[in-house]
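Notes to accompany the following structure.
The values are calculated or read from the model by the stated rules, or taken from the named source; none is laboratory data. Quick caveat: nothing in here was measured; it's all calculated off a predicted structure. Glycine also receives a Cβ, built like all others from the backbone with ideal geometry; neighbour counts cover every protein chain displayed.
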Amino acid sequence: MKQELLEKLSIFLLKKGFTIKNLTRTCFDALARRNEQILLIKVLEDANSVSRQYTEEMAAIASYANASPLIIAEKAGNRLEDNIVYSRFGIYTLNFSTFLNCVNNKFPFVRRSQAGLTASVVGKKLKEKREGLGYSLNALSKKLGVTSRMVIKYENENSEVTINKAMKMYELFGGEIFSEVDIFMQNKQPESKFETEVSRKYVELGFNAAETKKTPFDIIARKEKELVFTEIGDNVNPQMQSLSKLLDADNLVIFQKKKPKNIPSLTQDEFMDFEKANELVKFLREF
């Protein structure tokens, strides 16, 4: 089921002009890029099977790569409904049909939260629609089953309403009064999370750096537009180079005994000798 879904996803994105890189044994299954839009996607049959460690690493990598992390699944215990956005450990989760609509710029406005299914009302648009169609505050309050004071609150604020009230509003005014859930707007500022000497050195050089366990590299580092994937050891993951190429990132290997070919490589002592970030960048550029 997962492989079939991943193949459908890849074919669809290719037709939409994305470049795709599928990966194995990582916290995400596909990386897709179209111009500056980058998607980091985990494909699952059941979204409940993903661990917090995987989602935390996905979110961290996405923040460094200026990407949107997404989970695409058919169910999360129960079947995921069309045009509803769910969340798993803070990452937008949706079914394949809803994802297709989003790529086609048809974003849903219903999301699953702790309060159940809700929608966000854009107060200004609600007021414009109400006045344009000639509804008084009192008349609308009766149709929605709320007080006039609550309608005033809806119009003065961007309020979350239950799905029942949202559907009543939708029948009266259509979908324009609701705020769309743009699943691609999830970028966060990268945070440094480090324990090893190498990642600590990156931070000393002025980079943000985070260590990873479920990716083709061991450390991801960023300083302004410079993105660097670093692997520590003598066995280079073949997925790292194709991944970095798609993201316009640099590769660096901190080798121990065997220096790899055709990739920028240093011993740990050589890496620790850098005193300024531009020295490291120059080394990577000149390789």
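Note on region 239-274: residues that are without any contact (Cβ under 8 Å) to a residue 12 or more places away in the chain and on the phi < 0 side of the Ramachandran plot total 6. Entry remark, region 13-22: residues being surrounded by fewer than 19 Cβ atoms within 10 Å (Cβ to Cβ) and either part of a helix (DSSP H, G or I) or touching a residue at least 40 places away in the same chain (Cβ under 8 Å) (or both) number 5 in total. With the structure loaded, tell me whether Phe217 is in contact with a Phe, Trp or Tyr (Cβ under 6 Å, 6 or more places away or on another chain), surrounded by 17 or more Cβ atoms within 10 Å (Cβ to Cβ) and within 19 Å of Thr26 (Cα to Cα) or whether it fails that test. Against the criterion (in contact with a Phe, Trp or Tyr (Cβ under 6 Å, 6 or more places away or on another chain), surrounded by 17 or more Cβ atoms within 10 Å (Cβ to Cβ) and within 19 Å of Thr26 (Cα to Cα)), Phe217 qualifies. Is there a residue in region 185-199 that is of a type in the set (Val, Ile, Thr) and within 30 Å of Ile84 (Cβ to Cβ)? No - not one qualifying residue is present in region 185-199. Of the helices (runs of 4 or more DSSP H) lying entirely inside region 26-139, those containing at least 1 residues that are in contact with a Pro (Cβ under 9 Å, 6 or more places away or on another chain) span 52-65, 96-103.
Applying the set (1) assigned to a loop (DSSP other than H, G, I, E, B); (2) touching a Leu at 6+ places or on another chain (Cβ under 9 Å) to Val228 leaves exactly one unmet item: (1). Within the option set Ser113, Ser141, being surrounded by 14 or more Cβ atoms within 10 Å (Cβ to Cβ), of a type in the set (S, T, N, Q) and either closer than 30 Å to Ala32 by Cα or outside the structural domain of Tyr64 (by TED's automatic domain parsing) (or both) holds for one residue only, Ser141. Val236 passes every criterion in (1) touching a residue at least 40 places away in the same chain (Cβ under 8 Å); (2) assigned to a loop (DSSP other than H, G, I, E, B) apart from (1). Just one of the listed residues (Lys42, Lys15, Lys2) is in contact with a helix residue (DSSP H, G or I) (Cβ under 7 Å, 6 or more places away or on another chain) and at negative phi, and it is Lys42.
Is it the case, given these coordinates, that Glu128 is modelled with pLDDT of 95 or more and over 26 Å from the mean Cα position of the chain (by Cα)? Before the answer, list the steps.
Values: modelled with pLDDT of 95 or more: yes; over 26 Å from the mean Cα position of the chain (by Cα): yes.
Judged against the criteria, Glu128 is a match.
Within region 153-204, restricting attention to residues that are in contact with a Lys or Arg (Cβ under 7 Å, 6 or more places away or on another chain) and not in a loop (DSSP other than H, G, I, E, B), the residue that is surrounded by the fewest Cβ atoms within 10 Å (Cβ to Cβ) is Glu176. Taken over region 245-274, the criterion of being farther than 21 Å from Leu227 by Cβ and either hydroxyl-bearing (Ser, Thr, Tyr) or at pLDDT below 95 (or both) is satisfied by Gln256, Lys257, Lys258, Lys259, Lys261, Thr267.
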